[in-house]
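The values are calculated or read from the model by the stated rules, or taken from the named source; none is laboratory data. Every value quoted in this text rests on a predicted model; they were computed, and no experiment measured them. Every residue, glycine as well, gets a Cβ built from its backbone with ideal geometry; the counts of neighbours run over all protein chains shown. Only protein heavy atoms, including side chains, enter the accessible area calculation; ligands, DNA and RNA are left aside. Shrake-Rupley method; radii C 1.70, N 1.55, O 1.52, S 1.80 Å.
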Amino acid sequence: MADDSQRNFRSVYYEKVGFRGVEEKKSLEILLKDDRLDIEKLCTFSQRFPLPSMYRILVWKVLLGIIPPHHKSHASVMNYRKEQYWDVHHALRVIRFINDSTPQEDVFLRIHQLESGKLPRNLAFPLEPEDEVFLAIAKAMEEMVEDPIECYWLVSSFVNQLNSKHKDALQQLDRGVFLKKPKILEQYLNIEDNRLLMHLKACAAMSKLPYDLWFKKCFAGCLPESSLQRVWDKIISGSCKILVFVALEILLTFKMKIIALTTAEKITQFLENIPQDNTDAIVSKAVDLWRTHCGTPAHSV
């Protein structure tokens with residue numbers, strides 16, 4: 001009993017002084033010591049806590065299926081991924097789709113297109129909306145991951161996850177926007193701040209908010225690296241609904257600024273370029289809102 005009291009006291013103390021993740025980091029290290037990593041437990045951990053930066057890429061790679069759960073296979077599988085990357089890279093150089101001056105995110109896009117059978121006939125073909133999403137995510141991922149091959153596989157696998165595992169959930173958001181009634185965001189905004197919702201409706205702004213930036217690009221190009229990776233922790237581990245609550249918290253945080261704007265165009269323009277100095281707090285509050293409305297996943301180590 002005394003041990004539990006001491007542990008609870010330490011947890012409260014760590015949280016107050018900014019070291020909330022000390023014990024959580026230890027729990028994750030225990031999970032990562034298993035010969036065969038437990039995907040379900042890693043997902044649950046990632047849902048409950050921010051991943052420590054030193055382990056984030058490893059956990060993402062496992063959860064996205066880039067490497068298998070078995071530790072012994074990690075090196076050999078990544079070597080295979082490396083060979084596969086350079087084989088496709090070489091093929092794209094031969095057909096002159098890329099060269100030494102091609103931006104890295106464009107290289108990633110062409111490799112992904114060739115791998116998925118969607119490479120256009122020539123470079124003159126305009127980019128599809130899904131290509132723009134890929135490039136936005138790739139550009140953001142580049143800021144988080146130094147190794148280009150590791151970065152490519154994270155981008156490609158993340159995009160594939162969005163188009164498969166999260167496809168139905170994201171289509172529901174898209175369908176709401178198509179009907180000019182983004183019901184999920186509107187529902188929670190009505191609960192949290194009806195006055196702000198009424199202002200957005202009065203300006204005819206609800207159907208013109210930057211939904212593509214928020215829900216398709218998963219805030220890539222909107223939030224800086226330190227904030228964005230905490231949002232992606234939740235998506236990669238299984239919940240894209242966090243996107244709704246990040247959007248909700250952005251609206252709540254900048255309520256006074258939004259209410260001072262009187263046209264949908266001005267509101268959208270502001271939301272597409274929000275100030276970057278308070279985004280970590282926005283994500284923390286968004287996670288709290290997410291837990292309040294959706295509950296906290298059970299966690300066992």
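Multiplying the sequence separation of residue 293 and residue 99 by 0.36 nm and subtracting their Cα-Cα distance, what value in nm do you get? Before the final figure, lay out each step's value.
Working: separation 194, 0.36 × 194 = 69.84 nm, distance 4.88 nm.
Net length gain for the segment: 65.0 nm.
Would you calculate, for the chain, the mean residue ellipticity at 222 nm contributed by helices, counting each DSSP H stretch of 4 or more residues as -39,500 (n - 2.57) and dividing by all residues, to the nearest 500? Before the final figure, lay out the partial values.
On the way: 16 runs with 195 residues, N = 301.
Calculated mean residue ellipticity at 222 nm is -20000 deg cm²/dmol.
Specify the inter-centroid distance of segment 92-139 and segment 244-276, based on alpha-carbon positions, in whole Å.
Spelled out, the Cα-based centre of one part sits 32 Å from the other.
Mind giving me the FRET efficiency for residue 165 and residue 260? R0 is 41 Å, r the Cβ-Cβ distance, nearest 0.05 is fine.
Numbers: r = 40 Å, r/R0 = 0.97.
Result of the calculation: an efficiency of 0.55.
If you stretched the chain out fully between residue 25 and residue 143, how much longer would it get, using 0.36 nm times the residue separation minus the C-alpha to C-alpha distance? Don't skip to the answer; put the middle values down first.
Details: separation 118, 0.36 × 118 = 42.48 nm, distance 2.31 nm.
Full extension from residue 25 to residue 143 adds 40.2 nm.
Roughly to the nearest percent, how much of the accessible area of the chain is carbon and sulfur, given a 1.4 Å probe? If you can, show how the numbers build up before the last one.
Numbers: 8060 of 15980 Å².
C and S atoms contribute 50 percent here.
Please compute the modelled spin-label separation between residue 123 and residue 201, points set 7 Å along Cα→Cβ, answer in nm with one decimal.
A separation of 5.1 nm, rounded to one decimal place.
Given a Förster distance of 22 angstrom, what is the FRET efficiency for residue 187 paired with residue 226, based on the Cβ-Cβ distance and rounded to 0.05? Walk me through the numbers on the way to the answer.
Working: r = 29 Å, r/R0 = 1.33.
Once rounded, the FRET efficiency stands at 0.15.
May I ask you to give the solvent-accessible area per residue for segment 182-280, in square angstrom, as obtained with a 1.4 angstrom probe?
Values: 3900 Å² over 99 residues.
Ligands and nucleic acids excluded, the figure is 39 Å² per residue.
Within straight cross-link reach of residue 41, meaning Cα distance under 20 Å, which lysines are found once same-chain residues fewer than 8 apart are removed?
25, 26, 33, 61, 72, 165, 234, 241
At 7 Å along Cα-to-Cβ for each site, give me the label-to-label distance between residue 116 and residue 71 in nm.
Spacing of the two 7 Å Cα→Cβ label points: 3.4 nm.
Residue 166: accessible area at probe 1.4 Å, nearest 10 Å²?
That residue has around 10 Å² of solvent-accessible surface.
Quick one: putting +1 on the C-beta of Lys and Arg, -1 on the C-beta of Asp and Glu, what dipole do you get for the chain around its Cα centre, in Debye to the nearest 20?
Numbers: 40 positive and 39 negative charges, 150 e Å.
So the magnitude is around 720 debye.
Longest segment of the chain with no GluC sites (Glu not before Pro) in a DSSP loop having at most 14 other Cβ atoms within 10 Å? The partial results should precede the final answer.
Numbers: sites that count: 143, 146, 272.
The answer is 1-142.
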